[in-house]
Structure formats: C-alpha cells, structure tokens
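**Q** Dropping the structure in here first, questions after.
Bear in mind these aren't lab numbers, they're just calculated from the coordinates by the rules spelled out. For clarity, every value in this text was computed on a predicted model and none was experimentally measured. Glycine also receives a Cβ, built like all others from the backbone with ideal geometry; neighbour counts cover every protein chain displayed.
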Amino acid sequence: MTAALATETSAATPTAPPRRSRPTRKQTLVGWSFALPFFAMFVVFMAGPILISLITSLTDLRVTDVRSPFGVNFVGLDNYADVFGDPKFRKAAVNTAIFVAVGVPLTMSLGLLAAVALNQGVVKFRRVFRLGFYLPVVTSIVAIAVVWRFLLGADSGLVNGLLDQVGIDGPAWLTDTKYALPSLIVMAAWKNLGFSMIVFLAALQSIPVDLYEAAAVDGAKRWQPFRYITLPLLRPAVLFVAVITTIGYVQFFEEPLVMTQGGPLDSTLSVQYHAYNEFSFGNYGYTAAVSYVMFVAIALVSFILFRLLRPKT
Amino acid sequence: MTMTVTPPAATPTDPPAEMPDGRVVGRRNNRVLLHVGLVAGLILMIGPFVIMALGSFKTTGELRQVPPTFLPEDPTLANYRDLFDRLDFPRYFFNSTVVALAVTVGNLLFCSMLGYALAKLEFAGKRIVFVLVLATLMVPASVTFMPLFVLISNMGLVNTHAGLILPFVVGALGVFLMRQFIGGIPDELLDAARVDGAGEYTIFFKIVLPLCRPALATLAILTFLGSWNSFLWPLVVASTEDMYTLPVAVALFSIGQNENNVALQMAGATVVVLPVVILFFAMQRYIIQGIATTGIK
C-alpha cells in the first residue's frame with residue numbers, strides 16, 4: 001500500500017526560490033531533460049489511466065470491445081446508477097464501512113499504546129521491540145494469510161486448540177458470517193499497527209521533556225500529562241496516521257482475497273473486491289464507476305479528517 | 001522538514017523518582033507491568049512468524065495435532081524439498097527478484113531526476129508537472145488497475161517481465177521524497193560547481209546523487225519491499241506458471257491442489273518472508289526514517 005499526505009509534503013515545500021525572471025529556453029530544455037523520463041512514464045502509466053478510467057466509467061465498455069472500440073456507447077451516469085442499485089455493491093459498501101470505522105481506530109489506538117509503552121519503558125531493547133512490532137507491516141499478505149488461516153482454522157486451528165484447552169468451544173472464525181469480518185479486522189490491525197507505532201513514537205520523542213517536568217512541578221497527576229500535553233502535541237501525527245490508514249483501509253481487498261475469497265455469503269466482500277470481480281467478468285465500464293466511487297469516498301473521508309483533526313490555532 | 005525524523009535513542013520521560021513516601025514501589029510495579037505488557041505484545045506480533053518458521057519443518061500431521069507442538073518433534077526438510085523439486089521455486093524467486101530490482105532502479109533514477117529538476121532547476125511547465133504529480137497521490141490504485149491492464153495487454157506485455165515492471169517504475173511518493181531531500185542541499189554548492197563549468201548532468205551525478213545516499217537508500221528499500229510483496233498485479237498479469245512471482249505462486253498453490261498441505265504452505269511462506277526479514281534487519285534505519293517522512297509502507 002502506498003499513500004501519502006499531500007498537505008504534509010506541500011507544507012514542507014522548501015521555500016520557493018524568489019521568483020527569478022522567466023526561465024530561458026536553454027534552462028527549460030535542461031529542466032525538461034531531467035523531468036521528461038519520469039513525466040513520460042507518468043503520463044502513460046498513471047495520469048493517462050486515471051483519465052481513461054473516468055471516461056470508461058461513462059461508457060458501456062466491456063472486455064470484448066477493447067479491440068474494436070466502435071461498438072462502445074456513452075451511457076452517461078448509468079453505470080453509477082447501476083453501482084448504487086446493485087445489492088452486491090451495497091453489501092460491499094457496508095462491509096467496507098465497518099472495516100474502516102472499526103479497523104482504523106483499533107489500529108491507531110493499538111499503535112499509540114505500543115508507542116507510549118515503548119517511550120516510557122524499554123530503553124535498551126527498544127530497537128528490538130520496534131522491529132518486532134513493525135515486521136508484519138513489511139511482510140507479504142500472502143505469507144501472513146498462510147499463518148493466519150492456520151491460526152484461525154475451525155477444527156485444527158491453533159486459536160481454537162488453545163481455547164479448547166480452557167474448555168471453550170471456539171467458533172469457525174473464517175467460515176461463520178458473524179466472525180469472518182471481525183477476524184479480518186483484527187488481522188489487519190495486527191498487520192498495520194506497527195506503522196502507527198513508528199510515527200507516534202517519532203512524534204512522542206520530539207516532545208520536549210521540560211513540558212512534563214513543568215507539569216510535574218505544577219502538580220499534574222496520573223493521566224493529566226498524557227491528556228493535556230501528549231495528546232494535543234500528537235495531533236499532527238494522529239492526522240497523518242489517520243489519513244494514511246483510512247486511505248489504505250477503504251481499499252481493503254487483499255485480506256479477504258487471500259483469507260476468505262469474500263465469503264462466507266459475501267460477509268467479507270469489500271468494495272474493491274467487488275470491483276475486481278466485475279473486472280474479471282469483463283464489465284469494464286461498471287468497474288471504472290466503482291473505482292471512482294471509491295476515489296470520491298477517499299477524498300471525502302480525508303477531507304473530513306482534515307477538518308476534524310487540523311491543528312488548533 | 002529534514003530526513004532525520006528518528007530522534008536519538010531513548011530519553012526516558014520519567015526517571016523513577018526516589019521519593020520517601022513509598023511511591024517508588026508503585027512506580028516499580030508499574031514498570032514491571034509495562035514490561036510484561038510489552039513483552040506480551042511482542043510475542044503476539046512475532047509469534048505468527050515463529051509458528052510459520054517452525055511449522056515449515058513439521059509435517060502437516062504434526063501441525064494438525066491437538067494439543068499443538070511448539071518445536072518440531074521430528075524436524076524434516078521434506079517441505080522445502082517439495083517446494084524446490086515440484087514447484088520450481090527458484091524460478092519464482094528469480095521472477096520476484098528481477099521485477100523488484102528493475103522497479104527499484106527505475107524509481108531511484110526517474111524520481112531523483114525529477115526531484116532534482118523540481119527542487120533546483122527553473123523551467124517552463126515546472127509548476128504544472130508538480131501539481132499533476134501531486135494530484136495523483138490520493139487516487140486509489142484500483143482506479144488505474146483496469147486501464148493499465150488494457151494498456152499492457154494492447155502492448156502485448158501480458159505475461160512478460162516488462163508487463164510486471166513498467167507500470168511501477170515511476171511513483172509520485174519517490175518524487176516527493178527526493179525533491180524534499182535535494183531541496184536541503186545548499187544552492188551555493190551547486191552554484192560553485194556551475195562556476196567551475198560543470199554541466200547540470202555532472203552536478204546531478206557527481207554531487208547531488210552522492211549526497212542523497214540516505215534518501216536513495218530509503219526509497220530503494222521501500223520500493224523493493226513494496227514490489228516484492230505486491231500481489232494483485234502479478235496475479236492478473238502473470239498467466240503462466242513460469243512468470244509467477246513468489247507471492248502469486250504461494251497464494252495459488254495454497255488455494256489449489258495443496259490446500260490441505262499446511263506444512264508445505266508454511267515452507268512457501270517462509271521463503272517469501274525470509275529475504276524481507278533479512279533486508280529489514282539490515283536496512284531498518286532507512287525504513288524507519290522513510291515511514292516517518294513519507295508514509296510509504
């Protein structure tokens with residue numbers, strides 16, 4: 001997953017050089033000789049496809065039309081109407097919304113907990129802990145699925161084996177409609193919490209110690225320093241992690257693909273999984289419409305997060 | 001903002017205060033609790049990897065045993081033999097490596113070139129390039145997935161290494177990372193070289209790139225890992241077995257004929273993860289810096 005916080009980067013723009021006179025033709029030639037290799041690839045493999053996807057979403061393009069595009073018709077917003085009228089899409093949208101609404105706070109609070117604990121306690125082995133907590137983030141989802149399917153297996157899984165030892169009859173985690181989505185949420189939180197931890201840890205370590213000393217002198221008790229110093233100063237980090245985690249989780253797909261194939265009974269079907277299925281069926285216009293709906297959802301949620309979490313002035 | 005986000009190690013925020021009112025005891029208990037919690041957390045985080053690695057030396061029968069064993073009762077290399085004899089794992093390993101290396105080299109070169117142009121050169125159209133690249137950051141990968149597939153198949157690149165590599169040789173995040181880092185190089189340094197008659201390419205390759213080593217290392221490791229772990233695109237583009245990458249091969253054989261051979265799957269997963277773990281331990285400093293600056297994972 002790749003994502004970044006656009007504002008973060010643009011805010012950090014090194015102060016633009018005082019606008020000199022317009023670049024000469026030679027400067028422009030030299031500049032473009034550096035920019036062109038990237039830009040050409042960028043137009044072909046990123047910007048172009050983004051635009052084509054938008055246009056496709058307004059047509060009835062199917063896989064069979066790709067080689068002879070004359071049979072393709074503009075259908076306006078029909079695909080979008082189809083998307084919202086499709087019960088499968090609605091089911092997928094609800095699943096994805098649950099995944100995001102539960103998964104993002106869960107992942108972030110576990111990451112924050114780990115960061116605060118590491119910042120307070122371990123000094124000598126901090127590096128080992130940091131690595132251990134981060135390892136799942138850089139591990140292939142396919143490898144993780146192998147182990148987690150083994151852990152969560154209904155009859156011979158390790159988790160149910162352990163539950164059995166204490167006399168609990170564990171459920172069929174991945175094949176019961178009640179437990180499949182929650183299981184994937186827990187797995188995603190486990191896989192991704194290391195990312196929040198690293199960012200929060202860096203932010204925590206940049207908070208000057210004097211602040212806590214001053215608070216102690218003023219008689220701050222127990223949770224007060226955390227509530228009134230740590231949390232407010234973590235705000236930018238929280239925004240950063242929230243946006244990136246949300247963007248990733250809205251595109252929730254590989255987990256159900258490798259763990260449950262979207263089942264049982266579509267209980268782990270996500271929006272992107274639905275788009276992928278329609279892509280496999282060759283319904284390209286519809287697929288493009290679904291992916292643009294996701295794009296808008298991501299933009300909206302990010303906007304809301306920015307409004308909620310922007311630094312107080 | 002500079003690259004060094006990871007602060008110097010360890011400033012304990014509250015040194016245990018030796019107070020005569022018995023608070024030190026409470027403190028110590030808290031610290032014990034904290035460490036117990038952290039160790040428990042660590043076990044939960046790396047436990048699955050340990051289970052995977054140990055499981056790869058067991059038989060499926062032993063893995064299914066109740067109660068489960070921790071260490072293999074009778075360690076066997078049969079799973080690894082199977083992987084390499086029956087499944088042509090060296091081939092998948094080769095594919096994964098070639099693709100990841102090519103994607104990494106492409107990103108390093110193209111992103112640093114554009115990063116240099118955006119940070120240090122003036123040219124007509126610079127602003128448009130910057131805004132366009134910036135604008136794609138929030139676009140989810142699924143938007144480009146279908147058109148990319150159509151494009152690659154029209155170019156006749158389905159089931160080729162080029163088809164696996166080309167769509168990923170440029171990335172917006174790499175540009176921002178490099179632009180940010182190169183922006184921190186003093187102009188005087190470059191101007192001095194210009195006065196000495198150095199051309200922009202000499203400056204770029206002889207001065208800028210060597211100074212960018214930390215940023216390049218970060219970009220390299222993150223790009224490599226991203227490509228190594230990527231799953232969906234190779235799953236769709238690699239249609240015959242000889243083009244599979246490691247994750248595709250492992251995913252397909254674990255839902256196919258070997259669905260019930262858990263031990264074999266564990267061995268396959270271990271082969272996928274092992275290079276990542278080694279790279280990760282060797283390059284952790286750059287990974288941690290990169291995450292904190294850019295949010296690439």
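**Q** Checking the cross-link filter: which aspartates and glutamates have an alpha carbon closer than 18 Å to that of A:Lys124, excluding same-chain neighbours under 8 positions apart?
**A** B:Asp14
**Q** Please give the average number of partner chain Cβ atoms lying within 10 Å of the Cβ of each residue in A:298-306, rounded to a whole number. Show your work: numbers first, answer last.
**A** Numbers: counts 4, 3, 0, 0, 1, 0, 0, 0, 0.
Counting Cβ atoms of other protein chains within 10 Å of each residue's Cβ and averaging gives 1.
**Q** Placing +1 at every Lys and Arg Cβ and -1 at every Asp and Glu Cβ, with all other atoms neutral, what dipole size does the protein assembly as shown have around its Cα centre, in debye to the nearest 20? Kindly include the intermediate steps, with their values, before the conclusion.
**A** On the way: 42 positive and 35 negative charges, 378 e Å.
With Lys and Arg at +1 and Asp and Glu at -1, about 1820 debye.
**Q** Return one quarter of the surface area of the convex hull spanned by the alpha-carbon atoms of chain A, equal to its mean projected area, in nm².
**A** Working: hull surface 98.4 nm².
Dividing the Cα hull surface by four gives the mean projection, 24.6 nm².
**Q** Quick one: Kirkwood hydrodynamic radius for the stretch B:115-185, alpha-carbon pairs, angstrom, one decimal? Could you put the intermediate results ahead of the total?
**A** On the way: mean 1/r = 0.0712 Å⁻¹.
About 14.1 Å, per the Kirkwood formula over Cα pairs.
**Q** Neighbouring Cβ atoms within 10 Å as the yardstick, rank B:Ser153, A:Ser109, B:Ser254 fewest first. Display every interim value, and only then the final one.
**A** Values: B:Ser153 16, A:Ser109 13, B:Ser254 23.
Listed from fewest to most nearby Cβ atoms, that is A:Ser109, B:Ser153, B:Ser254.
**Q** Can you pull the mean other chain C-beta count within 10 Å for peptide A:194-205? Intermediate results must be reported in sequence, preceding the final value.
**A** Values: counts 3, 4, 0, 3, 9, 6, 1, 4, 8, 3, 2, 8.
Per-residue shielding by partner chains comes out at 4.
**Q** Rg and Dmax of the stretch B:56-194, Cα atoms, in Å?
**A** 23.7, 73
**Q** Which of rounded, prolate or oblate describes the stretch A:168-313 when judged by the alpha-carbon gyration tensor and an a/c cut-off of 1.5?
**A** Working: a/c = 3.69, a/b = 1.86, b/c = 1.99.
Verdict is oblate for the stretch A:168-313.
**Q** In terms of Cα to Cα distance under 24 Å, which lysines are near enough to B:Lys120, apart from those fewer than 8 places away along the same chain?
**A** Answer for B:Lys120, where 24 Å is the Cα cut-off: A:Lys26, B:Lys206, listed by chain and number.
**Q** What does the helix-only formula give at 222 nm for chain B: each DSSP H stretch with n ≥ 4 adding -39500 (n - 2.57), the total divided by the residues, and the result rounded to the nearest 500 deg cm²/dmol?
**A** Details: 13 runs with 194 residues, N = 297.
Value at 222 nm, helices only, nearest 500: -21500 deg cm²/dmol.
**Q** Helix by helix through chain A, keep the DSSP H runs that span 18 Å or more along the axis on Cα and average at least 1.6 on Kyte-Doolittle, and give those back in order. It would help to have the intermediate numbers written out before the result.
**A** Values: long enough: A:25-42 (23 Å, 0.68); A:87-120 (49 Å, 1.05); A:180-205 (38 Å, 1.52); A:231-250 (27 Å, 1.83); A:284-309 (37 Å, 1.82).
What comes out of the filter, once short or polar helices are dropped, is A:231-250, A:284-309.
**Q** Cut-off is 10 Å between beta-carbons; in what order do A:Val241, A:Val128 appear when sorted fewest neighbours first?
**A** On the way: A:Val241 27, A:Val128 12.
Fewest-to-most ranking of A:Val241, A:Val128: A:Val128, A:Val241.
**Q** Continuing with this model, one more query. What would the Debye formula give as log10 I(q)/I(0) at q = 0.22, 0.24 Å⁻¹ for the alpha-carbon point model of the stretch A:48-141, no solvent?
**A** -1.12, -1.19
**Q** Percent of Cα-Cα pairs more than 14 Å apart in the stretch A:240-313, please. All intermediate terms of the calculation are to be shown ahead of the outcome.
**A** Working: 1773 of 2701 pairs.
Value for the stretch A:240-313 (Cα pairs over 14 Å): 66 percent.
**Q** Here's a follow-up. For the stretch A:132-188, what is the per residue volume of the convex hull drawn over the alpha-carbon atoms, in cubic angstrom?
**A** Working: hull volume 5.1 nm³, N = 57.
Considering the Cα atoms of the stretch A:132-188, their hull volume per residue is 90 Å³.
**Q** Additional query: What shape does the stretch B:191-292 take by its C-alpha gyration tensor, where a ≥ b ≥ c are the square roots of the eigenvalues and a/c under 1.5 counts as rounded, a/b above b/c as prolate, and the rest as oblate? The partial results should precede the final answer.
**A** Numbers: a/c = 4.84, a/b = 2.52, b/c = 1.92.
Verdict is prolate for the stretch B:191-292.
**Q** With runs of 4+ DSSP H residues as the only contributors, calculate the mean residue ellipticity of chain A at 222 nm using -39,500 (n - 2.57) per run, divided by the residue total and rounded to the nearest 500.
**A** Working: 14 runs with 202 residues, N = 313.
The helix-only estimate for chain A comes to -21000 deg cm²/dmol at 222 nm.
**Q** If we count every other residue with Cβ under 10 angstrom of A:Asn73's Cβ, Lys/Arg +1 and Asp/Glu -1, where does the sum land? Display every interim value, and only then the final one.
**A** Numbers: positive: none; negative: A:Asp60, A:Asp65, A:Asp78.
For residues surrounding A:Asn73, the net value is -3.
**Q** Continuing with this model, one more query. What is the mean number of Cβ atoms from other protein chains located within 10 Å of the Cβ atom of each residue in peptide B:116-129, rounded to a whole number? Could you put the intermediate results ahead of the total?
**A** Numbers: counts 3, 9, 5, 3, 4, 9, 11, 13, 9, 6, 5, 1, 1, 7.
Mean partner shielding for this stretch: 6.
**Q** Cross-link partners among lysines for A:Lys191, C-alpha distance below 19 Å, same-chain residues fewer than 8 apart left out?
**A** Qualifying lysines at Cα under 19 Å: B:Lys297.
**Q** Turning to a different aspect of this structure: Put a dot 7 Å past each Cα toward the Cβ at A:Phe306 and B:Leu211; how far apart are the dots in nm?
**A** Calculated label separation equals 3.2 nm.
**Q** Calculate the translational D of the stretch B:212-257 in whole µm² s⁻¹ from Stokes-Einstein, where the hydrodynamic radius comes from the Kirkwood formula applied to all Cα pairs, the temperature is 25 °C and the viscosity 0.890 mPa s. Write down the numbers at each step before the final one.
**A** Numbers: Rh = 12.0 Å.
Approximately 205 µm²/s, per Stokes-Einstein.
**Q** Sequence-distant or interchain residues sharing an amide H contact under 5 Å with A:Thr59, placed H: which?
**A** Long-range HN contacts for A:Thr59: A:Val75.
**Q** Still on this structure: What do you get for Rg/Rh of chain B when both radii come from the Cα atoms and Rh is the Kirkwood radius?
**A** Value, to two decimals: 1.07.
**Q** Most mobile of A:Pro182, A:Pro37, A:Pro236 per a Gaussian network model of chain A (Cα springs, under 10 Å)?
**A** Maximum fluctuation in the GNM of chain A, among the listed residues, is at A:Pro37.
**Q** Considering only DSSP states other than H, G, I, E and B, which chymotrypsin sites (Phe, Trp or Tyr not before Pro) in the stretch A:121-162 qualify as loop sites with at most 16 other Cβ atoms within 10 Å?
**A** Sparse-neighbourhood loop chymotrypsin sites (Phe, Trp or Tyr not before Pro): A:Phe125.
**Q** Which helices count as membrane-span-like in chain B under these terms: full DSSP H, at least 30 Å along the axis by C-alpha, Kyte-Doolittle mean of -0.5 or more?
**A** Numbers: long enough: B:23-55 (46 Å, 1.21); B:89-120 (46 Å, 1.10); B:262-294 (39 Å, 1.58).
Helices meeting the span and hydropathy rule in chain B are B:23-55, B:89-120, B:262-294.
**Q** Right, next: For A:Lys124 paired with B:Ala78, estimate the spin-label separation in nm (one decimal), with each label point 7 Å from Cα along the Cα-to-Cβ line.
**A** 4.3
**Q** On to the next question. Report the Cα centroid-to-centroid distance between the stretch B:78-149 and the stretch A:153-179 in angstrom, as an integer.
**A** Each part's Cα centre sits 40 Å from the other's.
**Q** Same structure, new question: Taking the highest mean first, how do the peptides B:184-190, A:48-54 order by number of other beta carbon atoms within 10 angstrom per residue?
**A** Values: B:184-190: 13.3, A:48-54: 18.4.
Result, highest mean first: A:48-54, B:184-190.
**Q** Then there's this: Let me test this: with uniform point scatterers at the alpha carbons of the protein assembly as shown, what is the Debye-based log₁₀ I(q)/I(0) at q = 0.09, 0.11 1/Å?
**A** Log-scaled intensity ratios, in q order: -0.79, -1.16.
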